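Asks: Here it is: the structure, laid out below.
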Amino acid sequence: VKAKELGINLHHTTAILVSDSNIIHCNDVNILVDAMTHGGIEHRGLILASKSVIQDDVPFLMKHYRNFIEKIIPIERDHKVGIELVEINALSVEQSDPVAIGFKFFCPKYTLAYTGDTIVTDKLLEELSGTDILILNVPFPGNKGDDKHLNTENAIKIVSHVRPRLVVLTGFGLEMLKADPLSEAREVQRITGVQTIAARDGLSIAPAGYKEYKSPVRGFD
């Protein structure tokens with residue numbers, strides 16, 4: 001319903017990516033498959049997801065819809081998959097789902113990373129290196145939260161280390177909404193100097209505009 005409201009034609013979708021088995025993140029996978037394949041009339045598309053979504057004893061991707069998809073790939077941390085001109089690396093994240101992953105997309109003109117739910121780890125910081133556009137799930141403001149999710153202070157630490165061109169904060173919880181995501185995004189930008197925006201329904205960006213600048217003349221940055 002929301003995709004239609006925003007003018008997104010799901011039948012034009014090539015692939016569906018799912019980071020973990022949290023119902024908030026994987027609830028729509030079956031209906032997306034149905035829409036992408038016209039109810040199974042067209043056997044097409046690819047699903048790239050954590051093992052918990054497609055290989056658990058009771059997987060979220062139902063057997064009925066598996067038959068609609070051309071290819072299903074369970075992806076693990078440190079693995080890579082190529083889809084057309086894009087290379088996708090599975091990021092090492094730490095959360096309640098032990099096989100959850102994040103995604104790093106190496107596109108022809110830019111690199112984009114989505115962490116999903118996670119805490120800060122040295123390995124994740126290393127894997128995020130070189131990212132142009134960084135999308136962080138930040139459900140908690142300030143220094144609030146738990147040991148399974150990011151808060152604003154964690155986001156500042158990640159952004160300060162990675163130094164991307166653009167940061168998008170998303171995945172807001174109730175406490176973050178009460179604190180005002182826009183205010184928290186401004187705080188991240190104020191401290192790090194990196195452009196930071198708070199996601200909203202229907203947000204659209206032109207990613208190629210945030211690629212790393214390469215000087216045409218050697219010795220000049």
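The values are calculated or read from the model by the stated rules, or taken from the named source; none is laboratory data. This is a predicted model, so every value here is computed, not measured. FYI the Cβ positions are ideal-geometry reconstructions off the backbone, even for glycines, and counts take in every protein chain you see.
Asks: Hey, among Arg186, Arg200, Arg190, which residue is farther than 17 Å from Leu128 by Cα, modelled with pLDDT under 95 and either among the charged types (D, E, K, R) or not in a helix (DSSP H, G or I) (or both)?
Replies: Of the residues listed, the single one that is farther than 17 Å from Leu128 by Cα, modelled with pLDDT under 95 and either among the charged types (D, E, K, R) or not in a helix (DSSP H, G or I) (or both) is Arg200.
Asks: Across the range 99-114, what is the total count of residues that are assigned to a loop (DSSP other than H, G, I, E, B) and in contact (Cβ under 8 Å) with a residue 24 or more places away in the chain?
Replies: 5
Asks: Cβ-Cβ below 7 Å, separation at least six or inter-chain, first residue in the range 4-22 and not assigned by TED's automatic domain parsing to the domain that holds Ser92, second surrounded by 10 or more Cβ atoms within 10 Å (Cβ to Cβ) and aromatic (Phe, Trp, Tyr): which pairs?
Replies: Once the first residue is not assigned by TED's automatic domain parsing to the domain that holds Ser92 and sits in the range 4-22, its partners that are surrounded by 10 or more Cβ atoms within 10 Å (Cβ to Cβ) and aromatic (Phe, Trp, Tyr) give Leu17/Phe103; Ser19/Phe103; Ser21/Phe60.
Asks: Just the residues that are touching a strand residue (DSSP E or B) at 6+ places or on another chain (Cβ under 6 Å) and not polar (S, T, N, Q), please, taken from the range 151-161.
Replies: Ala155, Val159 - these are the residues of the range 151-161 that are touching a strand residue (DSSP E or B) at 6+ places or on another chain (Cβ under 6 Å) and not polar (S, T, N, Q).
Asks: Continuing with the same structure: Name the residue that is surrounded by the fewest Cβ atoms within 10 Å (Cβ to Cβ), counting only residues in the range 90-109 that are more than 15 Å from the chain's Cα centre (by Cα) and not basic (Lys, Arg).
Replies: Pro108
Asks: Against the conditions (1) within 20 Å of Ala199 (Cβ to Cβ); (2) touching a helix residue (DSSP H, G or I) at 6+ places or on another chain (Cβ under 6 Å), where does Phe60 fall short? Just the number, please.
Replies: Result: Phe60 passes all but (1).
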